[in-house]
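The values are calculated or read from the model by the stated rules, or taken from the named source; none is laboratory data. Remember, it's a predicted structure, so these values are computed and weren't measured experimentally. Backbone-built Cβ (ideal geometry, glycine too); neighbour counts: all protein chains shown. Ligands, DNA and RNA are excluded from the accessible area calculation, which covers all protein heavy atoms including side chains. Shrake-Rupley method; radii C 1.70, N 1.55, O 1.52, S 1.80 Å.
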Amino acid sequence: MTRWEQTTSKLLQVLRLETIRSKLLAFAVLASLIPSVSTGWLSYVQNKRALTEKSGQELQNAGSQAARELDLWIKERLYDLRVFASSYEVSENLARLPLGSGTPVRSQVQGRLSDYLNSVRERFQDYEELLVLDPQGQVVASSSKSHGTIYLAAGWQDDIQNDRPVVGVPHWDDSLNKPVMVVAVPIRRTDGPLLGALSARLSLERADNILRRFAPGDSGQVYLIGANANVITSAQASSGTVMAQRLAKEALDRLSATEGAAVEYQNYDGNEVVGTLNSIPGLGWSVVAEIPSTEAFRQVNRLRNLTILMVLALLVGVGLIAWLLGLLIVRPLTRLAQGAAEVATGSLAVDLPEVGGGEVGDLTRVFNNMVDRLRESREELERLSTLDGLTGLANRRHLLSRLALESSRAKRGHHSFAVLMVDVDNFKAYNDSYGHLAGDEVLVRLAEIMRECCREVDCAARYGGEEFLVLLTETGMEGAVEVAERVRARLASETFAGGRITLSVGVASYPEFGESPEAVIMSADVALYQAKHLGRDRVVMASLNKVED
């Protein structure tokens, strides 16, 4: 050992820095104090400008995000209205409405329209009221028994005639005790003529919630203003008094001149604030996000004091480094224990970070590999739970689940789907004569033929015993019958141990033969029994006069 090394060793002993933990502690103290003290003054000088820019960026982010969400929300509501207006219930009933008032036919049509509007209103809570208007603006039907006054902007009929949505003036509704806005879209027949307009009294409470989400801090606020700088709604409070407020022209000009940038001005309450403005295209509205000026500039002094406190806190904080070092050492082991506990409860969503190397790192990698294999095994089991063990087709539970999803999709998209109910003719007798292995061979071959004859988007399943059910998505009766005949003919051309095997098939489609999956299956089942009755080895389409309500 050299003399320098001996001197250094003695010095470390005097300072009680023999251990690695104490050496790391001393290094942490020096590494924290030297740069913090040297940069403290420079940080203080730059704080004011940096914080001003930061506040402006935060306000701009809050305002722009709120503006985007409000714009998207309005567009979604108008899109929903267009979807409702294009409904067969609206256009056809409105087209059948007699011109004279008070007739029984008119009352029936109005009743059907009101029922449809009520059903839509119950599912979409943003609409306080839905109304059907004729081209002159008279209310034909409403989701409310006593509808209020409809505030539509002048020239709304020209917008409706030109297939443009109408956005009314926001106002405070005393009866609802909330801000509302009337919007409307045209109602046209499929051949083009204008029948009227579907109008909605749209609650602006959702706008309040959107603004509230993006309010900058406890003391800041976000509010919505109209084209005339009138306040539409605010994140802090919404009332008729607030909607009567108006931003001063000088303040609006300053905000508009530097849209998106922070400026200082006096808001509608007369308070000095720092804020930004973000416009909403197409509506003439703008979102204003602001915080009090005192709050914005208070941060400068606060950060100055905070810099001093940080230096002092570092001296205290490094005292915890020894404890943190111990924590860092045992943390990988703690993660492993927690991961093992999660796996023991059945959760396989565990992926531990492989931090560092050594024995603990190797153990972590082995643990992750084990969890990956368990996860793959579970996924394989879940896949097998949806299949029939003999044929490899979907099982009955999976098929019914697919049918429910396809029914919902068909209702939304207004398209059809078809169901084939397939039964092997005289299968029990075949089984009794040639044995179950021969019967299984028939079922397996039939499953292969179904897979070959169906598309990937279709779903063929073993429904029970020798019965099979096939779901043909976006397929009408004609296409379904063609697939059924193809399957029947393919199997009939096969030769088995017992000779030729035939099929009886019942075909039904949605929505002609039922508004629910169960009703369509029942229609196909009735058609199947009719095929059996007519001599088997045939495809029979469902008949409306065979389906009971």
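What the table below lists for this structure:
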| read-out | value |
| --- | --- |
| Per-pair calculated FRET efficiency, R0 = 56 Å: Ala257 and Ala492 via Cβ, rounded to 0.05 | 0.10 |
| Potential lengthening between Asn162 and Lys75 on full extension [0.36 nm per residue; Cα-Cα distance subtracted] | 29.5 nm |
| Relative packing of 445-452, 418-425, which averages over residues the other C-beta atoms within 10 Å, highest first | 418-425, 445-452 |
| Arg375 paired with His414, simple spin-label distance in nm, labels 7 Å along Cα-to-beta-carbon | 4.4 |
| Pairwise FRET efficiency - Tyr529 versus Asn368, Cβ, R0 = 41 Å, nearest 0.05 | 0.15 |
| Surface accessible to a 1.4 Å probe, Leu194 within the full protein complex, Å² | 40 |
| Computed lengthening from Met310 to Asp174, 0.36 nm per intervening residue step minus Cα-Cα distance | 43.6 nm |
| Considering only segment 401-549, percent of DSSP beta bridges that pair antiparallel, nearest 5 | 85 |
| Efficiency of FRET between Glu512 and Leu405 - r from beta-carbon atoms, R0 22 angstrom, step 0.05 | 0.65 |
| In nm, spacing of pseudo-spin labels at Asp191 and Ile34 (7 Å Cα→C-beta vector) | 9.0 |
| Largest-first principal axis extents of the Cα set of segment 369-466 (Å) | 48, 47, 21 |
| Extension gain, Gln138 back to Ala153 (0.36 nm per residue minus Cα-Cα distance, nm) | 3.9 nm |
| Packing-based order for 399-406, 169-176, using average beta carbon neighbours within 10 Å, highest first | 399-406, 169-176 |
| Cα Rg, Dmax (largest Cα-Cα span) when computed across segment 446-524, Å | 13.0, 42 |
| Solvent-accessible surface ranking, highest first, for Met370, Met181 at 1.4 angstrom | Met370, Met181 |
| Solvent-accessible surface (1.4 angstrom probe) belonging to His398, in square angstrom, nearest 10 | 60 |
| Estimated inter-spin distance, Arg396 and Ala341, nm [label 7 Å along Cα→Cβ] | 4.4 |
| Heavy atoms of Arg77 accessible to a 1.4 Å probe, total area in Å² rounded to 10 | 30 |
| Overall Cα dimensions of segment 156-280, principal axis frame, Å, largest first | 57, 34, 23 |
| Sequence of Trp156, Trp73 when ordered by accessible area, the most exposed leading, probe 1.4 angstrom | Trp156, Trp73 |
